1. Output the residue which, of all residues in the range B:24-41 that are touching a helix residue (DSSP H, G or I) at 6+ places or on another chain (Cβ under 8 Å) and in a loop (DSSP other than H, G, I, E, B), is surrounded by the fewest Cβ atoms within 10 Å (Cβ to Cβ).
2. Looking at residue B:316, is it under 25 Å from the mean Cα position of the chain (by Cα) and in the same structural domain as residue B:398 (by TED's automatic domain parsing)?
3. Do the conditions hold for residue B:84, that is, is it farther than 21 Å from residue B:149 by Cα and outside any strand (DSSP E or B)?
4. Kindly establish whether residue B:13 is in contact (Cβ under 8 Å) with a residue 60 or more places away in the chain, surrounded by 16 or more Cβ atoms within 10 Å (Cβ to Cβ) and within 14 Å of chain A (Cβ to nearest Cβ).
5. Kindly evaluate residue B:52 against the criterion of being on the phi < 0 side of the Ramachandran plot, out of contact with any strand residue (DSSP E or B) (no Cβ under 9 Å at 6 or more places or on another chain), within 14 Å of chain A (Cβ to nearest Cβ) and exposed (fewer than 13 other Cβ atoms within 10 Å of the Cβ).
6. Filter the range A:101-127 for residues that are part of a loop (DSSP other than H, G, I, E, B) and within 14 Å of chain B (Cβ to nearest Cβ) and give the result.
7. When you scan the range A:108-115, do you find a residue that is buried (at least 21 other Cβ atoms within 10 Å of the Cβ) and touching a helix residue (DSSP H, G or I) at 6+ places or on another chain (Cβ under 8 Å), even just one?
8. From the list B:94, B:75, exactly one residue is within 14 Å of another protein chain (Cβ to nearest Cβ), assigned to a loop (DSSP other than H, G, I, E, B) and touching a residue at least 12 places away in the same chain (Cβ under 8 Å). Which is it?
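The values are calculated or read from the model by the stated rules, or taken from the named source; none is laboratory data. This one's a predicted model, so the numbers in the text were calculated from it and none came from an experiment. We place every Cβ from the backbone using ideal geometry, glycine too, and count neighbours over all the protein chains shown.
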C-alpha cells in the first residue's frame, strides 16, 4: 500500500491489461491521480525562448524573450516541463521553503525521463551557502536524484542576501552576475555542449547569467531545462 | 517568534522560534529535536522515521511527518519550559446553573474521581446523553485546585462548537481555543480547547486532559496523535476519553486494565437503541455498478414511501450516489429524493430540505453518520460490507434512528453480500449497550 506524497491518500493504481502483458516494469506513481491532475504538463506550441505555453495572439518567441535580445546576456533556448500554476506553486512552497526534501520524488522520474537521452553536460543551478545551511539541500540537485550531473557553478559570496523569490521583476533583471565557476571544473566545460537545469524559470535572469558564465568558459552551446515555467 | 516565558509554559517549539529575550532565560530547557540513537525518531511527534526518507544531503535528518508545524531537524533543539501552574485562585469557577439527571450526576461524580486520582478513564455514553454537561463538575474541581485543563478533539467542528459552551460555563476562568485555521494568538490559559494536532505543541502541560470523539479520524489509528496526547499530559496527569463508539484499541486497553470505563447506555428519553437487521443480497455491488437495485430493496423502499416513512439511504462511495439515484429514478416511484456528499455545493440546502420534510429520503455518504438528527426516520445502508463502513460508523448510522421521544424506535436495515466483522461488531456493541440499559 503506497501513500501519495502530497496528500497522504492511498494510491489506487489501476494496471491495464496491456501493461500486464507487456512485460515492461509497471509504472509506479508517487502521487495520487487527483494530485497529479493539478499539474499542467506543457505541450506544443511553446515559446522557443523560455518554454512557456503559447496562447492565441502570442508571438514566437514571446515578447519577454524578444526583450532579452538587447540585454547583453546570451540568447537561450529553454524547455520547461510543467506550467507554474497553483499546484506547482504549492509544491515549491512545501518542497523548497518548508524544506520537505522527500517531495523531490514527486518529479525525480519526470526529470530522469526528460534527461535520459541528452548528450549534454548537465549543470544544476546552485544555491547559496546560507540557504544550503538552513535548508540542508539544493532543490535542483534533489530533483536530479539518480541522474548524472556536474556541479560546476557556485553562488558568489555576499550574493543572495535577499531571496530571489522576494525580489520584484526589476530587481531581478538588474542582478549582477551571481555565480562563479569552480576552478577545478573549468576544463570540463571547454568545447562541451551544456544543459543548465533549474527548478523554475520566472524571468530568465538566473539561467542567462549561468549561461553567460558557461559560454565564457568555452561551452559550445548552452540550453536550459526547468521543471516549471 | 515568542518573547514571554509564559508562552512556553508546558509547550515545546524549535529554539529558532524564541525571541532574543528568551535565548538565555534560565527557565528555558532544551532537548534534541530528532534522536538518532536507536533508529531515527522525531521527539516532537514521536514518529519513527525511515532513514532513506529522512536523510538530508548534509548528513542531517529531518522529520517529514510533522513538517506542517515547521520543519525540525537534527541541527535543531526543542525548547520547553516546565508547567508551573501559575493561575490565579478562583473560588466557585463554575457559573453554569443547569441540572443533571440522576444517571448524569453519577457519571459527573466519576469524572471528579478520575481527575482526583489521576486515572485513565473512558466515559462511554450514547449520543445525546449530555456528555459536555457531565464534564462541568470535574473541570470545576480541577480549576479550583489550580490544575491546567485541556479539552481536545480530532474534529475541528467539535472544538469550535465546544469552546463557547466552556467559556459560558466558566466565565471567570481564562480559556483559549487553538486549531489550524484559528486567528486567535496563543495565550497561557487555564483551560485549553484544541484539536488533537495542536497537542504536538505541548509538553507535559496538562494535569487533566479530555479527548472528545476519541474514535474518529484522524485520531483513531494515528500513532502520531496518540503520542501527542501522551506527551501533552504531565507524567502524573489524568486522561478522560469520551465517545459513543469505542474502537478496538480502547477495548484492548480496558481488557489490559490500562483504562477504566463507565457506561451511560441509556438515551435521555429512556428507550433502548434500535437493533440492526442484516439482509444478505447476492450480487449487490455488481448490480449497483450497473445502475440497478435488487427487487427486495426496491420493494422495501416502495413500502416505506407508501407508509410515508421518511429515511436516510447510506452508500459507501460518492460514485455510488449516481448509480443508486438513477436506479430509483428509473422505477418512476412517486417520491422526492436527492443525493448529498461532503463536497456537494448544495450540501447544506439539501440537508435542510430533508429536515423541513420537503424530501421523502436522502441518499448520502457517511457525512451524515454523526451530529445530525432527523426526528422519526429509518435508515437503510447499501453495501454495508464495504470497508468504508467501520463498526463505529455503522453504530453511529444506526444511532440516527429513534432519537426522538415521539418515535423512539425504528428500522435499521443493512444490505450486504456478506456479514463482515464490522457489521458483527456493530451488532454486538448495540446489543451490549441495550443489555446494560435494560439492567438499569
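1. Only one residue fits best here, namely B:39.
2. Numbers: under 25 Å from the mean Cα position of the chain (by Cα): yes; in the same structural domain as residue B:398 (by TED's automatic domain parsing): yes.
Yes; evaluated as a whole, the condition is true for this residue.
3. Details: farther than 21 Å from residue B:149 by Cα: no; outside any strand (DSSP E or B): yes.
Taking the combined requirement at face value, the residue does not satisfy it.
4. no
5. yes
6. A:126, A:127
7. Start the filter on the range A:108-115 by keeping residues that are buried (at least 21 other Cβ atoms within 10 Å of the Cβ), which leaves A:111.
From what's left, touching a helix residue (DSSP H, G or I) at 6+ places or on another chain (Cβ under 8 Å): A:111.
Yes: one or more hits.
8. Numbers: B:94 fails: within 14 Å of another protein chain (Cβ to nearest Cβ).
Being within 14 Å of another protein chain (Cβ to nearest Cβ), assigned to a loop (DSSP other than H, G, I, E, B) and touching a residue at least 12 places away in the same chain (Cβ under 8 Å) holds for just one of B:94, B:75, which is B:75.
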